[in-house]
1. Would any residue of the stretch 23-45 have its amide N under 20 Å from a label point 7 Å out along Cα→Cβ of residue 51? List them or say none.
2. Between residue 127 and residue 3, what is the label-to-label distance in nm when each label sits 7 Å out along the Cα-to-Cβ direction?
3. Given contacts defined as C-alpha pairs under 8 Å and at least six residues apart, what's the relative contact order of the stretch 1-55, whole-number percent?
4. Over the chain, one equal point on each Cα, no solvent: what is log10 I(q)/I(0) by the Debye formula at q = 0.15, 0.17 Å⁻¹?
5. Would any residue of the stretch 67-94 have its amide N under 17 Å from a label point 7 Å out along Cα→Cβ of residue 34? List them or say none.
6. With the calculation restricted to Cα positions, what are the radius of gyration and Dmax of the stretch 8-48 in angstrom?
7. In percent, what relative contact order does the stretch 11-144 have, based on Cα pairs under 8 Å that are 6 or more apart in sequence?
8. First select every other residue whose beta carbon is under 9 angstrom from the beta carbon of residue 63; then total the charges, Lys and Arg +1, Asp and Glu -1.
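Just so you know, all these numbers are worked out from the coordinates, no wet-lab data involved. These figures come from a predicted structure and were not determined experimentally. Backbone-built Cβ (ideal geometry, glycine too); neighbour counts: all protein chains shown.
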Amino acid sequence: MALYSEKVMDHFKNPRNVGTMENADGVGEVGNAKCGDIMKIYLKIDDGIITDVKFETFGCGSAIASSSMATEMIKGKPLSEALQLTNKAVAEALDGLPAHKMHCSVLAEEAIKAAVKDYYDKNGIKYDEKLFGSCDSCCHECEI
């Protein structure tokens with residue numbers, strides 16, 4: 001059995017939405033101190049809808065594939081739906097990740113939430129802190 005699914009390999013070799021975005025409405029950057037992965041998500045938002053999304057990821061193939069898939073999953077969606085995206089949904093959309101690489105999908109979820117939070121903060125939009133969770137319950141420590 002292959003270590004990585006065809007979808008993981010496709011999103012690694014042909015990442016979607018890769019790059020930076022000038023004048024992004026929200027930017028989220030997270031990292032994992034243990035593996036060295038760093039993920040940055042840029043959002044363009046119009047009337048509460050994510051009209052464009054880009055990412056920059058420094059990390060392994062699973063981190064790049066998770067970033068690519070996560071951006072595809074939130075593009076064109078309302079912010080409320082983007083906030084509901086879970087790392088498990090990203091991993092499932094990739095047809096699974098090895099257990100020791102699940103932290104990559106966690107980074108994608110956290111980067112999106114950080115970008116939405118940045119957008120809310122920049123625009124004075126009130127929100128419930130619980131929407132953004134904390135690293136107390138995740139499998140790594142945020143370092144960025």
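1. Residues 23-28, 41-45 qualify, since their backbone N sits under 20 Å from the label point.
2. Simple spin-label model gives 3.5 nm for this pair.
3. Working: 61 pairs, mean separation 16.6, N = 55.
Relative contact order comes out at 30 percent.
4. Relative scattering, expressed as log10 I(q)/I(0), comes to -0.66, -0.86.
5. Residues 87-88 fall inside that zone.
6. Expressed in Å, the Cα Rg and Dmax of the stretch 8-48 come to 12.9, 38.
7. 30
8. Within the 9 Å Cβ shell, the charges total 0.
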